[in-house]
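Below is one structure; the comments refer to it alone.
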Amino acid sequence: MRSLVRGLRSQRRQRQLTYLMEIGLIGMLFVGIERGNGGIVINTGVALIVTQLPPLLERDYEIPMDPRLTLWITAAVFLHAFGTVGLPGATVTLYSQIWWWDHMTHALSASLVAGAGYATVRALHEHADGIHFPQRFVAVFILLFVLAFGVLWEILEFAIALAAQALGTRAVLTQYGLEDTMLDFVFNSIGAIVVALWGGAYLSDVSGAIRKRLEARAD
């Protein structure tokens, strides 16, 4: 009974943290509007949209979203958006002020991408009788999937920086050079490896729901 109460309290705290970060994102959005900073507005706006994905998936697609998963998703986008805003009264962002901030957000974002890839592959593995994915293959697939997504992200950052330079505006995303790009890939890989090793403990319900939807479509 005590363990159940502790579990409920833990879930309640997780939901409270999620709500607080969502409120924080709304506040950061207004900060961006007040400053006339398009980068802050776009980054916090996209982050707010991402925070609405868990309830959307749960309501419309019946994919269970554990409070831990919701907190995981919300924390990743919140920390990225907060990095673009910076501390109150500061004239520089956390991305430029704290050397490890970019690495932390890349690892978190990569873990989300890896989680989506892991849940999908696991669902296909359980759904199709003729398909069998060895655990080593799943780990390698997740790593390659995240690295491919990271390459696309870096290309997007580079294209946005060139477009902003051509238009004479501030870039929404910032690229800090080749060395930073290589470090991004390293921390992307760290996020992917963490999910490959421990994703099954947190994503089994999600992959099970995807498998059931695949079975329903097959019928």
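Table for the structure above
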quantity	calculated
Residues of region 154-172 classified as of a type outside the set (Asp, Glu), surrounded by 15 or more Cβ atoms within 10 Å (Cβ to Cβ) and touching a residue at least 24 places away in the same chain (Cβ under 8 Å), total	2
Evaluation of Trp99 against (1) closer than 26 Å to Leu203 by Cα; (2) at pLDDT below 90; (3) open to solvent by 30 Å² or more (accessible area, probe 1.4 Å) (one fails), failing number	(1)
Filter result for Pro54 (within 30 Å of Lys212 (Cα to Cα), modelled with pLDDT under 95 and open to solvent by 30 Å² or more (accessible area, probe 1.4 Å))	no
Failed item in (1) outside any loop (DSSP other than H, G, I, E, B); (2) aliphatic (A, V, I, L, M); (3) open to solvent by 40 Å² or more (accessible area, probe 1.4 Å), with Leu69 passing the rest	(3)
Unmet criterion (only one of (1) modelled with pLDDT under 75; (2) assigned to a helix (DSSP H, G or I); (3) open to solvent by 70 Å² or more (accessible area, probe 1.4 Å)) for Ala209	(3)
First in region 19-36 and under 17 Å from Ile49 (Cα atoms), second anywhere and in a helix (DSSP H, G or I) and small (Gly, Ala, Ser), Cβ under 8 Å, 6 or more apart	Met21/Ala75; Leu25/Ala47; Leu25/Ala81; Met28/Ala81; Leu29/Gly45; Gly32/Gly38; Gly32/Gly39
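The values are calculated or read from the model by the stated rules, or taken from the named source; none is laboratory data. Owing to the predicted nature of the structure, the values given are computational and were not obtained by experimental measurement. All Cβ positions, even for glycine, are placed from backbone atoms using ideal geometry, and neighbour counts span all protein chains on display. Please note that ligands, DNA and RNA were not included when accessible areas were found on the heavy atoms of the full protein model with its side chains. Shrake-Rupley method; radii C 1.70, N 1.55, O 1.52, S 1.80 Å.
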